[in-house]
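Step one of this worksheet: look at the structure below.
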């Protein structure tokens, strides 16, 4: 039985809660340092657990927000490269006199090579700064660059040709090349000329959005999100909306009126389905799901890492706020236009492909990510709906069974929604 509610299409477009999400493509650099292959799935590492943990702990001491899954690959690459370059020193890796600081630049180079997503811009720059710090501490470079500090060195390299800072932060620049750049700058004896104001590309805007709308690598660390919201429809009806999301693409959305669940729509990783109280679950063919399929996109469109392209459109304004306008195209060809505030880099609006205008406000940090607690939607006929977030819980203990339809003889499937509604009641007006 298909839902009959006029607000259903509106719900499928709500992006502040990651209901409509996309991703940006970023590939690993082809000329990154070859430091040995990462451990394939199911393949045993040729290094001991103690060796791996020693390097992993050192990484976390310097970069507490470094993603663990990326750290595992980096550790293997570093140990492989250390063993290849200096087998004698590798053999005394765990001894008290092992000169780990001697290999800091190599370690940070390999770390930078693994940070490929636009959401990791700030972390990549921090890694590049720490690598420069390691190089500047070495005796050979210290004699040339004197007291030049890492932050100043990074600023000077960023003021050079664009290829230099890009190769540095992506871990594609060997120590010899870095030292040469530092020598040239020192010998020039002059501060770089003031940079001309940069015209931001679509990729620049996406990268800055990712940096400004999360703390560190919060989006990558987030595994699940539960949202309870209140909806005033264009027809004046007051409803509750419960949304459960879990990586990589599971979602469950329930519509509740006066404490009773009207229906649930969900994706369990293989199929879409919907269910109403007293009725069996009904599978929904993917081709008929429509915009609801975007509920399965877990990560916000402007901080994800693959599958979507961006185009910068002429700038706009929403009231006093000047905006960047980005056309966002998914792999299936659907598009929308994101409005990015030029001062805050919050997404304050969106133009959908069915002529809706959605405005976002009341931004708050939840689990290290920025969420809009208020959304106003105006459809092509002028009808307005308002959705207000009541509660958002990051990394709630969700399991696969919550996203699957109830089987025959199963307990009341809608007890979860009643429990959530009872835990956070919406006061009557």
Using a simple spin-label model with points 7 Å from Cα along the Cα→Cβ vector, what separation in nm is obtained for residue 199 and residue 334?
3.3 nm
I need 97, 341, 362 ordered by Cβ neighbour count within 10 Å, fewest first.
97, 362, 341
For segment 49-171 the mean separation of alpha carbon contacts under 8 Å (6+ apart) over residue count, i.e. relative contact order in percent, is 23 percent
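Hey, fewest Cβ within 10 Å first, where do 167, 101 land in order? Intermediate values should be presented prior to the final figure.
Working: 167 20, 101 12.
If I rank by nearby Cβ atoms, fewest first, I get 101, 167.
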Viscosity 1.306 mPa s, temperature 10 °C: Stokes-Einstein D of segment 49-171 from its Kirkwood Cα radius, in µm² per second?
104 µm²/s
What distance in nm lies between label points placed 7 Å from Cα along the C-beta direction at residue 355 and residue 400?
4.4 nm
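The numbers here are math on the coordinates, done by the rules we state, and not lab data. For clarity, every value in this text was computed on a predicted model and none was experimentally measured. Cβ sites come from the backbone with ideal geometry, for glycine too, and all protein chains shown count toward neighbours.
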